[in-house]
Amino acid sequence: MILYWVIALDGKAVATTIAQLAVLLDDIGWKYKSHPSDSNAKEGYIYSGFPTKEYKDKDGDNYASVLFSVQENGELIKFIIPKLYNCIDRNYRRAFFEVAIRNSFEKKLCFYDYDHRDGEIRMIVDMPLEDASITKQQITRIVKALLKLIDTNDKTVRAAVEEGRLPLIDYKSDLSHEISKMDPDQQLELLVEIKRRNQGKSE
């Protein structure tokens with residue numbers, strides 16, 4: 001997806017650096033904090049935050065943090081919404097995986113990430129740029145889509161991670177019937193595979 005190019009001194013096109021990303025966020029008008037990498041000036045992360053309609057963070061505020069992580073010399077940008085939920089209970093975790101897999105099948109850009117070490121649940125969208133530059137339109141579209149998804153999915157995901165409760169669906173005729181037979185580790189593997197395949201289609 002190549003919309004415009006930034007030409008380097010040697011004539012080769014370069015990807016989006018953290019400094020270039022900051023300029024785009026300035027043009028959009030978003031407030032943020034930039035943290036360039038100490039080892040590579042092109043990389044680092046930018047932290048911002050946005051209001052939500054339904055989703056509430058751990059403090060009870062309608063707010064979601066968004067992390068823009070610039071990696072691989074600007075050839076990859078990760079859009080991350082960290083610490084959406086926390087789930088350590090094994091039974092509740094199983095319910096979350098079922099909901100997450102179903103949402104990933106049904107909705108674009110809906111990719112959940114789970115950390116086994118501390119139970120953190122977050123959403124991640126990888127945007128491989130290679131030698132292209134990201135645009136303001138792409139940034140705003142992805143961020144708005146992620147915020148809409150966490151609002152839309154909050155009720156079912158929160159019920160899963162906090163109560164181990166699943167949405168009322170017809171399991172006899174639904175894919176979730178098969179997913180429910182898997183153990184949590186198998187469900188996590190399936191979730192990762194869905195993300196990999198969907199990203200492959202979008203490249």
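The values are calculated or read from the model by the stated rules, or taken from the named source; none is laboratory data. Since we're looking at a predicted model, the values are computed, not measured. A quick note on method: Cβ atoms are made from the backbone with ideal geometry, for glycine too, and the neighbour counts reach across all protein chains shown.
A few points about this structure:
Yes/no per residue for (1) more than 24 Å from Met182 (Cα to Cα); (2) out of contact with any helix residue (DSSP H, G or I) (no Cβ under 6 Å at 6 or more places or on another chain); (3) surrounded by fewer than 14 Cβ atoms within 10 Å (Cβ to Cβ); (4) of a type in the set (Phe, Trp, Tyr):
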residue	(1), (2), (3), (4)
Arg93	no, no, no, no
Glu106	no, yes, yes, no
Phe111	no, no, no, yes
Gly119	no, yes, no, no
Ile142	yes, yes, no, no
Leu147	yes, yes, no, no
Ile150	yes, yes, no, no
Val157	no, no, no, no
Leu166	no, no, no, no
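- The stretch 35-47 - residue that is surrounded by fewer than 17 Cβ atoms within 10 Å (Cβ to Cβ) and touching a strand residue (DSSP E or B) at 6+ places or on another chain (Cβ under 7 Å) and, of those, farthest from Ser65 (Cα to Cα): Ser37
- Residues of the stretch 73-101 satisfying the condition of being in contact (Cβ under 8 Å) with a residue 40 or more places away in the chain and on the phi > 0 side of the Ramachandran plot: Asn73, Gly74
- Within the stretch 143-166, the set of residues being touching a residue at least 24 places away in the same chain (Cβ under 8 Å) and under 14 Å from Val125 (Cβ atoms) comprises Val143, Ala145, Leu146, Leu147, Leu149, Ile150.
- Considering (1) modelled with pLDDT of 95 or more; (2) touching a Leu at 6+ places or on another chain (Cβ under 7 Å), the lone condition that Leu67 does not fulfil carries the number (2).
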